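The values are calculated or read from the model by the stated rules, or taken from the named source; none is laboratory data. Given the structure is predicted, the values throughout are model-derived calculations rather than measurements. Neighbour counts run over all protein chains shown; Cβ positions are idealised from the backbone, glycine included.
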Amino acid sequence: MAPEQPAEGRSPGVVHAMRAAAQQLQELLGRTPESVSAIQPTSDGWEARVEVLELERIPETTSVMASYRVTLDEEGNLLGYEKTRRYTRGHIDRDG
C-alpha cells in the first residue's frame with residue numbers, strides 16, 4: 001500500500017510523516033519497525049523516533065531493540081537517520 005500523498009501545495013501531515021519514517025527506515029535496514037514512538041515538526045520538515053527489533057530472543061523481554069532518530073523533509077522524504085539507543089525490550093526507563 002503506497003503512502004497517501006498530500007494535496008497539491010500542502011506539506012504532509014503527521015500521519016503521513018509517521019508512515020514515511022517507518023517505511024523508509026525499513027527499506028534501509030531490512031527490518032520492520034515496531035513503532036514510531038515520537039514525531040515532531042521541525043523548521044525543515046519532521047523528526048521521528050522509530051523503534052526497531054534488532055535481535056529476537058527468548059524470552060521476548062530479552063530481545064534487543066534499537067531507537068532511531070529519522071529526519072524527513074517537508075514532503076516526507078528521508079534526509080537521514082541515526083541509531084540513538086539500544087536496549088532490551090523489558091527495560092524500563094527510570095528518572096532520577
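Some points to look at:
- Residues (surrounded by fewer than 17 Cβ atoms within 10 Å (Cβ to Cβ) and either at positive phi or not aliphatic (A, V, I, L, M) (or both)) located in the range 49-62: Glu54, Glu56, Arg57, Pro59, Glu60, Thr61, Thr62
- Filter result (under 13 Å from Tyr81 (Cα atoms) and crowded, with 18+ Cβ neighbours inside 10 Å) within the range 13-37: Ala20, Ala21, Ala22, Gln24, Leu25
- Search result, residues across the range 53-79 that are among the basic types (Lys, Arg) and under 30 Å from Gly13 (Cα atoms): Arg69
- Qualifying residue in the range 38-48 (condition: surrounded by 13 or more Cβ atoms within 10 Å (Cβ to Cβ), modelled with pLDDT under 95, within 16 Å of the chain's Cα centre (by Cα) and of a type in the set (Val, Ile, Thr)): no
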